[in-house]
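The values are calculated or read from the model by the stated rules, or taken from the named source; none is laboratory data. These numbers come from a predicted model, not from an experiment. We place every Cβ from the backbone using ideal geometry, glycine too, and count neighbours over all the protein chains shown. Surface accessibility is based on the protein's heavy atoms, side chains included, excluding ligands, DNA and RNA. Shrake-Rupley method; radii C 1.70, N 1.55, O 1.52, S 1.80 Å.
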Amino acid sequence: MITPMSASSSELRVGSVPYLVGRPLDHGLGREPGITLEHDVPARLIERLRGGEIDVALVSSIELFRRPGYRYIDGIGVAGNGYVGSVQVFLRKPIQEAASIAMDPASRAAAALTRSLLYEREGGAPEFIEVPLGADPREAKGADAWLRIGDAALRETLTIDAPAWNPSEEWRKRTGMPFVFAAWIVAEDVDIEPHLEAFRRARENGRSAIPALAREAAETWRLPEAQCLSYLAEECSYDPGPAMAPSLREFQRRAALADLCAKDLLPEPVHL
Ligand SMILES: C=C(O[C@@H]1C=C(C(=O)O)C=C[C@H]1O)C(=O)O
């Protein structure tokens, strides 16, 4: 794979999600010397990380357990404390009765979480319908429910009182832990250490920017500012800290049981 000429070999090529939930962690990162920052949906970021087109990505935690050689920045990531308005399984039938669920094609972590939580459902797991990238899972033929992530899910949640099942809330009930949706995943042989300070600064700047981010989102989407703020500041957390590694391990254990990842990969944490 030929890398773009604009990225010199010493530049760290960083990817992040295009959703509001990524902003508190990547704030100003693209203006740091030696770093280029691009946004793309999680499924595409993973392809680009695997293909060597990017070096680091704020992306689906499950990827850590699907390929050897990754590391991750410890202590920071996109985590759900419980209910999270931007990761929803919207329902046409109650979750216990849904025979088929269409998956958001952009998602990898929420998709694996949903599958692993329903793996041992009483009466058997539902069928999971994969739809192509760019397609709307809501339109999948015959689906009793559909998973949606990101801004589209958040806006649907806050504007329509649609029945939904919340995977992150279910995870909290079952495990008592926050759920880590996304981590800064570092590709093999990438020298992240000289750039760690920039990632720490982005997190600090992002923390201070949360009220402004909530205000902007509320204006753009014509939503109540208080709800956007409670989404960013309370439902989501960006500093899972020492809870991060045990939560990731528990996710790996449960996902491996459902055959969704390797049970024995041990990605190394990079201390910030
Ligand atoms: C909370 C979210 O976390 C995310 C969910 C991801 C996934 O399902 O693969 C990946 C990165 C994050 O964007 C969200 O997108 O709403």
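Observations on the structure shown:
- For Glu47, the conditions (1) surrounded by fewer than 17 Cβ atoms within 10 Å (Cβ to Cβ); (2) in a helix (DSSP H, G or I); (3) touching a residue at least 60 places away in the same chain (Cβ under 8 Å) all hold with the exception of (3).
- Consider the range 85-94 and keep the residues that are assigned to a strand (DSSP E or B) and either without any contact (Cβ under 8 Å) to a residue 60 or more places away in the chain or surrounded by 21 or more Cβ atoms within 10 Å (Cβ to Cβ) (or both). The one that is farthest from the ligand (Cβ to nearest atom) is Phe90.
- Every residue from the range 94-115 that is within 20 Å of Ala162 (Cα to Cα) and in contact with a strand residue (DSSP E or B) (Cβ under 7 Å, 6 or more places away or on another chain): Ile95, Ala98, Ala99, Ser100, Ile101, Ala102, Met103, Asp104, Ala110, Ala111, Thr114
- Looking across the range 141-162, just one residue is of a type in the set (S, T, N, Q) and away from the ligand (no atom under 14 Å from the Cβ), and that is Thr159.
- Residues of the range 213-272 satisfying the condition of being over 16 Å from Arg66 (Cα atoms), in a loop (DSSP other than H, G, I, E, B) and either over 19 Å from the mean Cα position of the chain (by Cα) or of a type in the set (Val, Ile, Thr) (or both): Arg222, Leu223, Pro224, His271, Leu272
- Filtering the range 188-212 to residues that are closer than 17 Å to Gly34 by Cα and either part of a strand (DSSP E or B) or of a type outside the set (Asp, Glu) (or both) leaves Val190, Ile192, Pro194, His195, Leu196, Ala198, Phe199, Arg200, Arg201, Ala202.
- Qualifying residue in the range 187-202 (condition: modelled with pLDDT of 95 or more, surrounded by fewer than 19 Cβ atoms within 10 Å (Cβ to Cβ) and under 18 Å from the mean Cα position of the chain (by Cα)): no
- Consider the range 15-29 and keep the residues that are open to solvent by less than 40 Å² (accessible area, probe 1.4 Å) and part of a helix (DSSP H, G or I). The one that is farthest from the ligand (Cβ to nearest atom) is Leu29.
- Residue in the range 135-164 that is least open to solvent (accessible area, probe 1.4 Å), counting only those that are at pLDDT below 95 and of a type in the set (Gly, Ala, Ser): Ala162
- Qualifying residue in the range 64-84 (condition: open to solvent by less than 10 Å² (accessible area, probe 1.4 Å), more than 12 Å from the ligand (Cβ to nearest atom) and over 15 Å from the mean Cα position of the chain (by Cα)): no
- Considering the range 95-140, and only residues there that are in a helix (DSSP H, G or I) and away from the ligand (no atom under 11 Å from the Cβ), the residue that is farthest from Ile62 (Cα to Cα) turns out to be Glu139.
- Taken together, the criteria exclude Trp146 from residues that are part of a strand (DSSP E or B), farther than 15 Å from Gly80 by Cβ, assigned by TED's automatic domain parsing to the domain that holds Arg71 and in contact with a helix residue (DSSP H, G or I) (Cβ under 7 Å, 6 or more places away or on another chain).
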